[in-house]
1. Leu276: net charge of surrounding residues, Cβ under 13 Å, Lys/Arg +1, Asp/Glu -1, itself excluded?
2. Given charges of +1 on the Cβ of Lys and Arg and -1 on the Cβ of Asp and Glu, with all other atoms neutral, how large is the dipole of the chain about its Cα centre, in debye to the nearest 20?
3. Among 16-23, 286-293, 257-264, what's the highest-first ranking by average C-beta atoms within 10 angstrom per residue?
4. Would you please report the Å³ per residue occupied by the convex hull of the alpha carbon atoms in region 7-99?
5. Give the residue list of trypsin sites (Lys or Arg not before Pro) in region 68-152 that are DSSP loop and have at most 11 other beta-carbon atoms within 10 angstrom.
6. Compute the Cα gyration tensor for region 72-112, then decide on rounded, prolate or oblate, letting a ≥ b ≥ c be the square roots of its eigenvalues: rounded whenever a/c is under 1.5, prolate when a/b is larger than b/c in the other cases, and oblate in all that remain.
7. In whole angstrom, how far apart do the alpha carbon centroids of region 117-164 and region 227-290 sit?
8. What does the charge dipole of region 7-99 about its Cα centre add up to, to the nearest 20 debye, if the Cβ of each Lys and Arg holds +1 and the Cβ of each Asp and Glu holds -1?
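Every number here is computed from the coordinates shown, using simple stated rules; none is lab data. If you're wondering where the values come from, they're calculated on a predicted model, not measured in any experiment. All Cβ positions, glycine included, derive from the backbone under ideal geometry; neighbour counts span all protein chains shown.
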Amino acid sequence: MNVGVTLSDAITALVAEKRAVGYKYHAEAQVLARFEAFNRSEFPGVDTLTEASVQAWIVAARRRGVTPATLQSLAAPVRELVRWLGRRGVAAYLLPRCALPRPARYVPHIYTDRELVALFTQTDSCHYCSQVPLRHLIMPVLFRMVYACGLRCSEARLLRVDDVDIDAGVLQVRDAKGGKDRQVPVCETLRARLAGYHAQAAGRPGRRKWFFPGSRPGEPLTLGNIGHNFRRFLWQARISHGGRGHGPRVHDLRHTFAVNNLRSWFVQGRDVGALLPVLQTYMGHSSLADTAYYLHLTAESYPDITARVQQVIGDVVPPLTAGPRDGH
């Protein structure tokens with residue numbers, strides 16, 4: 001690579017720059033490290049991004065049979081690296097966006113009231129597991145917390161013991177999407193459940209750091225463990241699942257939280273337009289447009305209030321076909 005910048009140095013600098021402005025950039029950094037190793041192995045002596053090396057990276061992924069969404073995630077950091085180099089006068093090959101298939105748009109599943117009751121009934125029936133000793137205590141609380149507080153799954157599983165103020169009924173969500181912190185008050189019913197869980201689990205071995213500890217000492221509950229249990233609860237609740245990439249997902253509980261709050265406000269005759277910033281802050285959205293997206297989902301899920309939703313939406317909010325961004 002010219003101007004004295006190696007590919008490895010460029011990746012290190014890009015990652016540092018992204019993190020300095022608040023991005024976590026962990027998955028992207030891993031992709032770039034893998035690309036650098038791939039480039040070094042397949043194109044020895046070529047310390048730059050050529051059309052041959054980038055296309056070979058994409059071809060190798062296609063051979064593994066990855067999904068269009070995964071293919072995009074493997075290409076996006078590499079494209080960002082090329083743009084970073086371009087701003088510094090370093091020539092590199094930029095893969096055209098049209099070269100990759102667009103992932104199918106995922107339409108969030110808004111759980112019905114009956115489905116929520118069935119799902120939480122099954123979490124309450126979770127049995128003791130010796131490999132994850134606290135599983136039967138965690139699952140009824142974890143999924144209710146995701147729904148009742150509109151949390152992202154990662155925000156819930158990475159709560160530390162000190163982040164949960166049982167007496168005040170407030171969660172301290174740290175380093176969430178965009179590197180932001182926020183406080184999330186919980187309803188009294190959930191606060192009582194948190195207190196009961198805390199009283200039962202506090203004295204268990206290895207529970208010194210994470211509010212929802214995993215099977216490995218000192219580690220939080222993993223996404224894989226949560227997903228495995230969630231699929232089992234869906235099956236037991238007779239909620240059909242469309243397979244990988246189709247849902248319903250744990251994250252759809254967050255979507256349902258937003259829609260149900262909006263529905264309730266419409267039914268109560270509240271000023272929904274004025275309340276959107278409240279929901280935005282509570283959910284940790286970076287922009288009001290992210291929150292206003294749920295107005296469309298509310299209209300889709302409850303056609304009887306579509307006219308009132310449209311009065312609030314006007315021509316400002318992007319159409320439903322835009323879909324939520326990842327991690328919305």
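1. Charge balance in the 13 Å sphere: -1.
2. Details: 42 positive and 27 negative charges, 143 e Å.
Computed charge dipole of the chain: roughly 680 debye.
3. Going from most to least packed, we get 257-264, 286-293, 16-23.
4. 98
5. Taking region 68-152 and a limit of 11 other Cβ atoms within 10 Å, the loop trypsin sites (Lys or Arg not before Pro) found are Arg87, Arg88, Arg105.
6. Since a/c reaches 1.5 and a/b is larger than b/c, the shape of region 72-112 is classed as prolate.
7. 16
8. Details: 13 positive and 8 negative charges, 62 e Å.
It comes to approximately 300 debye.
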